[in-house]
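Beneath this line is the structure, given in structure tokens, with notes to follow.
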Amino acid sequence: MQQANANTFRNLAEPLSRELIEALDIEHRREIEYMYQEQLQLRSELQRVVELMQKEIVPRERLMHEMIENMQKSYEAATAHMHASLTDHINKSKDKSGNSVSQRQQLVDPLRDMENELNRIAKLLSHGPVAPEIRGWKPSSPAAVRPGPGGTASPTGYGGSPSGYPGGTGSPYPGAGAAGSGGVRFGNLSGSLV
């Protein structure tokens, strides 16, 4: 059997090592190129995202913050205005209520005075009419009197000129004028409506 030369392994390994080194170098360069291209792509994408956020997102966010701040200010102003309006309305309502109460109190006294006056007049009407003290005088007809509030009679034309009397002077007797001119005397007038 022939013995191997000492340089045989080297001679066999050197071409293989060169092929291995060339393959590793090619793979290394390909990996470097891939990583470089990936870096460029990432930088480009990152630059696009930054530009997008700077030109689109940030202005929109700033505008949104301004809108929210303006809305908050508008809400506070509207709340303050509503509070002031409600307070003013409540105060006006209280004032109106107080004025209504005072006006009602002011109307109580005239109402009481009117009731007292009506009671006084009704009391005077309850005494009946004052008949003139003339010899032979009688009421012309029962229709000339009507029942008063207290069931007594009172003249229908009382307080003005009786209708239907001749002469148009308002007196049922011709020649009756001032006291003492016609001699007509009406007796005691203490219960008359004076």
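The values are calculated or read from the model by the stated rules, or taken from the named source; none is laboratory data. Please read these numbers as outputs of a predicted model, since none were measured by experiment. Because the Cβ atoms are built from the backbone with ideal geometry, glycine has one as well, and the counts that use them run over all protein chains shown.
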Original post:
Consider SER17 against the criteria (1) under 44 Å from the mean Cα position of the chain (by Cα); (2) modelled with pLDDT of 85 or more; (3) not hydrophobic (A, V, I, L, M, F, W, C): it satisfies all of them except one. Which criterion is unmet?
Top reply: (1)
Original post:
Quick one: would you say ALA131 is at pLDDT 70 or above, within 54 Å of the chain's Cα centre (by Cα) and surrounded by 10 or more Cβ atoms within 10 Å (Cβ to Cβ)?
Top reply: no
